[in-house]
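These notes are about the structure you will find just below.
The values are calculated or read from the model by the stated rules, or taken from the named source; none is laboratory data. Note that the structure is a prediction, hence the values are computed from the model and not measured. Here the Cβ positions follow ideal geometry from the backbone for every residue, glycine too, while neighbour counts run over all protein chains shown. Calculation scope for accessible area: heavy atoms of the full protein, side chains included, ligands and nucleic acids excluded. Shrake-Rupley method; radii C 1.70, N 1.55, O 1.52, S 1.80 Å.
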Amino acid sequence: MDELTGLAFYLFPIIVIVAVLGSALRILREYERGVVFLLGRFYKVKGPGLVIIVPVLQQMVRVDLRTRVLDVPPQDVISRDNVSVKVNAVIYYRVMDPSNAILQVEDFNRATSELAQTTLRSVLGQHELDEMLAEREKLNDDLRRLLDEQTDAWGIKVSNVELKHVDIDESMVRAIAKQAEAERLRRAKVIDAEGEFQAAAKLREAADVLADEPAAMQLRYLGAMMNVVGDRTSTIVFPLPIDMLAGFGTERKGKKSE
């Protein structure tokens, strides 16, 4: 019994020393930093590697510096043209200043998530539905810039924002389909009108050329007759323009005078 008491007497200090060392030594990975407080006041940022913390006097909070992915839940947004849509997004951010991330905000992950939701509703509410569907890159950049500015005080860097889905109800889908069909018909009519206009301009130019050259007009008339007749065996009577007869009469008189 005395031996056990003596052994416990010697082991107790060793156990205490091991426990103290265990609580004083911390190992931080390459992507981790430790925000150390001394008697409740901010002391310094330590890490990575082996970090010694004085028990009772100092406390340490671990901060992960890797890029985090935040999936923003679907938000009800009313666009500028009064269309109700559901929009969700994904945000990539990371902690750049561990001390500000701990000192300036209670929970920087939750704060970033709530800020992203309100910013998403605010920014998209200033745009029309067509812009949400066609200009996603611009909207992504605007959201990233605004979030980055507002989280800068927390030591957080927002590197990317991507809109994932813009969901609209079925009635709006049908309305958009009708609008797209009407737009296609409008473009087709415009193209037809432009073609008619260009063809009319070319015909006018051709008429001016033929008016200046009677012989060319006669050749054009004969060519049209050949196209109509083709390989038909039936007899077709065509009116003969007086101008052509006058031309032939003039040529014969010229030959007799010679």
- request: Look through the range 150-198, keep the residues that are acidic (Asp, Glu) and more than 22 Å from residue 134 (Cα to Cα), and return whichever of them is modelled with the highest pLDDT.
  value: 152
task: Would you check which residues across the range 38-74 are among the polar types (S, T, N, Q) and assigned to a strand (DSSP E or B) and list them?
output: 58, 59
statement: Selection from the range 26-37 of residues loosely packed, with under 13 Cβ neighbours inside 10 Å and assigned to a strand (DSSP E or B) yields 27
statement: Those residues of the range 131-162 that are hydrophobic (A, V, I, L, M, F, W, C) and closer than 14 Å to residue 101 by Cα come to a total of 4
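Could you go through the range 130-148 and let me know if any residue there is touching a Lys or Arg at 6+ places or on another chain (Cβ under 7 Å) and either crowded, with 18+ Cβ neighbours inside 10 Å or over 30 Å from residue 30 (Cβ atoms) (or both).
Of the residues in the range 130-148, the ones touching a Lys or Arg at 6+ places or on another chain (Cβ under 7 Å) are 148.
If we keep only those that are either crowded, with 18+ Cβ neighbours inside 10 Å or over 30 Å from residue 30 (Cβ atoms) (or both) as well, we get none.
No, the range 130-148 contains no residue that is touching a Lys or Arg at 6+ places or on another chain (Cβ under 7 Å) and either crowded, with 18+ Cβ neighbours inside 10 Å or over 30 Å from residue 30 (Cβ atoms) (or both).
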task: Kindly indicate whether any position in the range 104-111 is surrounded by 13 or more Cβ atoms within 10 Å (Cβ to Cβ) and at pLDDT below 90.
output: no
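In this structure, is residue 164 in contact (Cβ under 8 Å) with a residue 60 or more places away in the chain, open to solvent by 80 Å² or more (accessible area, probe 1.4 Å), more than 17 Å from residue 121 (Cα to Cα) and not in a helix (DSSP H, G or I)?
no
Residue 119: open to solvent by less than 80 Å² (accessible area, probe 1.4 Å), within 19 Å of residue 68 (Cβ to Cβ), within 18 Å of the chain's Cα centre (by Cα) and β-branched (Val, Ile, Thr), yes or no?
Yes.
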- prompt: Only one of (1) closer than 30 Å to residue 166 by Cα; (2) open to solvent by 70 Å² or more (accessible area, probe 1.4 Å); (3) modelled with pLDDT of 90 or more fails for residue 88. Which number is that?
  reply: (2)
- request: Scan (1) under 15 Å from residue 69 (Cα atoms); (2) open to solvent by less than 50 Å² (accessible area, probe 1.4 Å); (3) assigned to a helix (DSSP H, G or I) for the single condition residue 114 breaks and write down its number.
  value: (2)
statement: Scanning the range 39-53 for residues that are exposed (fewer than 13 other Cβ atoms within 10 Å of the Cβ) and in contact with a Leu (Cβ under 8 Å, 6 or more places away or on another chain), the one nearest to residue 97 (Cα to Cα) turns out to be 42
